[in-house]
Amino acid sequence: MTARSMIRLVGTVAALWGALGAARAEVSTVRLAKQFGISYLPLTVMEEQGLLEKQARARGLDVKAEWLRFTGGSGMNEALLSGNLDLASGGVGPFLTIWGRTLANIKVRGVAALNAMPLWLVTTNPAVKSIADFGPQDKIALPTAKTSIQAITLQMAAEKAFGPGQQGKLDPLTVSMGHPDAQTALMGGRSEITAHFGSPPFQEMELKDPRARKVLDSYDVMGGPHTFNLVWATSRFVTDNPKVTAAFRAALEESLTLIREDPARAAALWIKAEGSKLSQDEAVALIRAPQNAWTTKPQRMLDYLAYMNRAGLVSATAASEGELFFPAPAAGSGAPKEATR
């Protein structure tokens, strides 16, 4: 064997070992988390249909998805930072909080948006016609006080209603509570909870009761449709697992396609998985509601960030929504795609 042939052989073996090393670097178990509500339908369909595992196999990986459940985004952020979670999901508020706090170290960024949906503040207090009517006797349940997307939206509404510097006026009335428990507390009439800033389907179910009324719509506060939920991860996870990340994004697109093209099937999967009390027709109507968009395209996230900057909740700024998400990979690299506005 000539010296030139030996060099070529060594180079080939090194490349093969490098490729094998890269393959071994990809995780075999992906820990994902979701919360309660039909807004997490894309993830529920993904779980029930085994779409992440399917897309991983298409990329030569044997991956197991481990699904966890949280009641708020702050708990997910703690799990992500402690290394006990790979892909978190939740509202824009908790995401922007951890995005801003980790820019100098682990660099948490968005992987993909899940939807755009309105969030309604519902009350059973007959004296409350607007947020200006809430008093010390009222308690407003929402996922996480001060940091959830509902809490941030309420602060933005308070700033508009009461003036600059008054964004936290209603914060003392808020109580951290998961949506299912909040709905039960509000409609049971035996707790201190007199309002719930929720999400679909809890808000729609509450409004079926004649005692309940909607006093605030997040689309009105934001001036139009906005992203509700998204998925985020650390830069280390995405860098170390480009094929797994690509498989997740492909699985999400497959899930969203199913939801848009066959809402009846998606509804049936969700009702069974969640044990929901919604009928098939009610779930389909909610999925197809014109105000709800099943899309990975982020909307009005910069408006939320601008408020959080102004309120001192997040110091980091961004000029485009693309800065909040992982950048586009080279064609065919298997890394996540760039978010588009």
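The values are calculated or read from the model by the stated rules, or taken from the named source; none is laboratory data. Given the structure is predicted, the values throughout are model-derived calculations rather than measurements. So basically every Cβ, Gly included, is an ideal-geometry build from the backbone, and we count neighbours across all protein chains shown. Please note that ligands, DNA and RNA were not included when accessible areas were found on the heavy atoms of the full protein model with its side chains. Shrake-Rupley method; radii C 1.70, N 1.55, O 1.52, S 1.80 Å.
Observations, loosely collected:
- Qualifying residue in the stretch 44-64 (condition: surrounded by fewer than 22 Cβ atoms within 10 Å (Cβ to Cβ) and in a strand (DSSP E or B)): yes
- Of all residues in the stretch 115-148, those that are within 27 Å of G75 (Cα to Cα), modelled with pLDDT of 95 or more and not charged (D, E, K, R) total 12.
- For first residues located in the stretch 191-219 and more than 17 Å from Q291 (Cβ to Cβ), partners that are buried (at least 18 other Cβ atoms within 10 Å of the Cβ) and basic (K, R) and lie 6+ apart or on another chain with Cβ distances below 7 Å form the pairs E192/K139; I193/K139; T194/K139.
- Restricting attention to the stretch 114-134, the residues being under 22 Å from I287 (Cβ atoms) and open to solvent by 10 Å² or more (accessible area, probe 1.4 Å) number 1.
- Residue in the stretch 95-113 that is farther than 23 Å from G322 by Cβ and either among the polar types (S, T, N, Q) or open to solvent by 20 Å² or more (accessible area, probe 1.4 Å) (or both) present: no
- The set of residues from the stretch 203-231 being surrounded by fewer than 23 Cβ atoms within 10 Å (Cβ to Cβ) and of a type in the set (F, W, Y) comprises just one member, Y219.
- Residues that are of a type in the set (G, A, S), over 20 Å from the mean Cα position of the chain (by Cα) and in a loop (DSSP other than H, G, I, E, B) were ranked within the stretch 156-178; the one that is nearest to V92 (Cα to Cα) is G168.
- Checked against the criterion of being modelled with pLDDT under 95, of a type in the set (S, T, N, Q) and part of a loop (DSSP other than H, G, I, E, B), the stretch 283-295 contains not a single residue that satisfies it.
- Matching residues in the stretch 179-225 - criterion: being assigned to a loop (DSSP other than H, G, I, E, B), more than 19 Å from the chain's Cα centre (by Cα) and within 27 Å of Q280 (Cα to Cα): L207, K208, D209, P210, R211, A212
- For the stretch 25-37, the set of residues classified as buried (at least 19 other Cβ atoms within 10 Å of the Cβ), modelled with pLDDT under 95 and aliphatic (A, V, I, L, M) consists of A33 only.
Results for (1) at positive phi; (2) open to solvent by 30 Å² or more (accessible area, probe 1.4 Å); (3) not polar (S, T, N, Q), shown as yes or no for each residue.
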{"site": "A233", "(1), (2), (3)": "no, no, yes"}
{"site": "V244", "(1), (2), (3)": "no, no, yes"}
{"site": "L269", "(1), (2), (3)": "no, yes, yes"}
{"site": "K272", "(1), (2), (3)": "no, yes, yes"}
{"site": "S279", "(1), (2), (3)": "no, yes, no"}
{"site": "V284", "(1), (2), (3)": "no, no, yes"}
